[in-house]
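Working notes for the structure below.
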Amino acid sequence: MDVFGKKKQNQQNDSHITKQKNKNYFFAVVPAAGYTLQTGFAGLLSANVGFYNDKGKDAKISTITASITYSQYNQIILPLFADIWSKGGKYNFISDNRYLSYPSDIFGLGGATDPNQDHTIDFNQIKLHQTLVRKIYKDLYAGVGFYYDHYWNIKVISPQTRMIDVFIQKEIGTSETASGPVVKLLYDSRTNQINPQKGSFLNVVLRQNLQELGSDNEWASLLIDAREYINFPKGSKNTLALWSYNWLTLVGDLNYLLLPSTGWDDQYNTGRGYVQSRFRGKQMIYFESEYRYRISRNGLIGGVVFFNVENFVGNLRPYDTFLPGYGAGLRIKLNKKSGANLCLDYGFGKGSSGFYVNLGEVF
């Protein structure tokens, strides 16, 4: 509205939401069409709302994001994500809920799999991840939660015969449930989680799945998600963002679909340059850097360049392969108060490339 409206120059203000706390809610709604390697062409309707429960100087923004996507490959994706901060920032409630109906490709285990040896897998998934943390010191929080994942109607199709692959189907099964408590440690000095420009983030989650609580198998995993945002050059409107994402299996045997995998982080954003599920293993080590810069002075149009590298360990033997990805993209400001951007990226990997679309920054 600023672009097409008749606002005076001295009334324009492109600062982020931390300076705009008089209003209660900041909305961004985007109907869009997109394309990714995993979904083909897709139509989606995405909505994001940011709000404050506190007007203090260091108050953190609460966000709720929901969308519905239907793709060329008959995939349905319905996420509902909430990150709510209490008044005074004493508590943080995170609710991550998804429904997927998801025919897609899988490639085997480890980091040395053949991109031409893929199989089509179809499944339905319900994901319900809830955590509540309490402040223990400044920006440091600790708490507990409960994670539930259920897969059903799993079918593995051979690319040659288009029939059920009996051997792989037997290994993966037709359904799987993982259910159990989590312990969470959170450090978050960012003031705007939608579009961070400075600060640090650390999320450590220890998950234990128990048969007594409905799990088909007992196993434990550790997630370490660390991010740093640096104003560079200092005093500019540009940001250097760094991301380390380590998804580790500690004990037990996981169903194939529950193993760490490219593009299966909570926001489906790791591994730009590769198709989702391209690599999978019991251990995932990942690092990404991204430089975000303004193209237009008012912040409406921006750009990014990024580089990532990932490494996987399979079930049978380790792989020394480090898998790089890189690319560039555009940012279109949808709401200058919340900082919400429409992100349009093109990434390249080893023998692959493709478009990636997000509402809000990739990390």
Legend entry - Of all residues making up segment 184-240, the number that are in contact with a strand residue (DSSP E or B) (Cβ under 6 Å, 6 or more places away or on another chain), farther than 24 Å from R292 by Cα and not acidic (D, E): 18
Legend entry - Hits in segment 256-268 (condition: in contact with a strand residue (DSSP E or B) (Cβ under 7 Å, 6 or more places away or on another chain), open to solvent by less than 30 Å² (accessible area, probe 1.4 Å) and not β-branched (V, I, T)): L257, L258, L259, P260, S261, D265
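Where in segment 60-126 are there strands (runs of 3 or more DSSP E), lying fully within it, with 2 or more residues that are open to solvent by less than 20 Å² (accessible area, probe 1.4 Å) and closer than 23 Å to T161 by Cα? If you could, list the steps in order and put the result at the bottom.
Working: elements: 62-71, 76-85, 91-101, 104-106.
The strands (runs of 3 or more DSSP E) meeting that bar are 104-106.
Looking only at segment 59-111, which residues are on the phi > 0 side of the Ramachandran plot and at pLDDT 90 or above? Working first, answer last.
Taking segment 59-111 as the starting set, the residues that turn out to be on the phi > 0 side of the Ramachandran plot are 74, 88-89, 108, 110.
Within segment 59-111, N74 is the sole residue that qualifies.
Would you point out which residue out of N203, N124, N209 is under 21 Å from the mean Cα position of the chain (by Cα) and more than 17 Å from Y102 (Cβ to Cβ)?
Working: N124 fails: more than 17 Å from Y102 (Cβ to Cβ); N209 fails: under 21 Å from the mean Cα position of the chain (by Cα).
From the options N203, N124, N209, the qualifying one is N203.
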Inset, instruction - Hey, could you check segment 267-288 for residues that are over 25 Å from K155 (Cβ atoms) and part of a loop (DSSP other than H, G, I, E, B) and say which is nearest to the chain's Cα centre (by Cα)? - result: Q267
Legend entry - L140 being surrounded by fewer than 16 Cβ atoms within 10 Å (Cβ to Cβ) and either aliphatic (A, V, I, L, M) or over 20 Å from Y102 (Cβ atoms) (or both): yes
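Going by the conditions given, is R297 of a type in the set (K, R) and crowded, with 19+ Cβ neighbours inside 10 Å? Give the derivation first.
Details: of a type in the set (K, R): yes; crowded, with 19+ Cβ neighbours inside 10 Å: no.
Spelling it out, it is not the case that R297 is of a type in the set (K, R) and crowded, with 19+ Cβ neighbours inside 10 Å.
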Inset, instruction - Could you tell me which numbered condition K198 fails, if it satisfies all but one of (1) touching a Gly at 6+ places or on another chain (Cβ under 8 Å); (2) closer than 25 Å to K135 by Cβ? - result: (1)
Legend entry - Tabulated pairs, segment 321-338, first among the polar types (S, T, N, Q), second part of a strand (DSSP E or B) and open to solvent by 40 Å² or more (accessible area, probe 1.4 Å), C-beta under 9 angstrom, 6+ apart or interchain: N335/F27; S338/F27
Legend entry - Hits in segment 232-247 - residues which are at pLDDT below 95 and touching a Leu at 6+ places or on another chain (Cβ under 8 Å): F232
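In segment 330-345, how many are part of a strand (DSSP E or B) and either buried (at least 22 other Cβ atoms within 10 Å of the Cβ) or modelled with pLDDT of 95 or more (or both)?
Applying the first criterion (part of a strand (DSSP E or B)) to segment 330-345 yields 330-335, 340-345.
Remaining after also requiring either buried (at least 22 other Cβ atoms within 10 Å of the Cβ) or modelled with pLDDT of 95 or more (or both): 330-331, 333, 340-341, 345.
Qualifying residue count for the region: 6.
The values are calculated or read from the model by the stated rules, or taken from the named source; none is laboratory data. Model, not experiment: these values are computed from the prediction. Cβ coordinates were reconstructed from backbone atoms using ideal geometry, including for glycine residues, and neighbour counts include every protein chain displayed. Ligands, DNA and RNA are stripped out before the accessible areas are found, and what is left, the full protein with its side chains, is counted by its heavy atoms. Shrake-Rupley method; radii C 1.70, N 1.55, O 1.52, S 1.80 Å.
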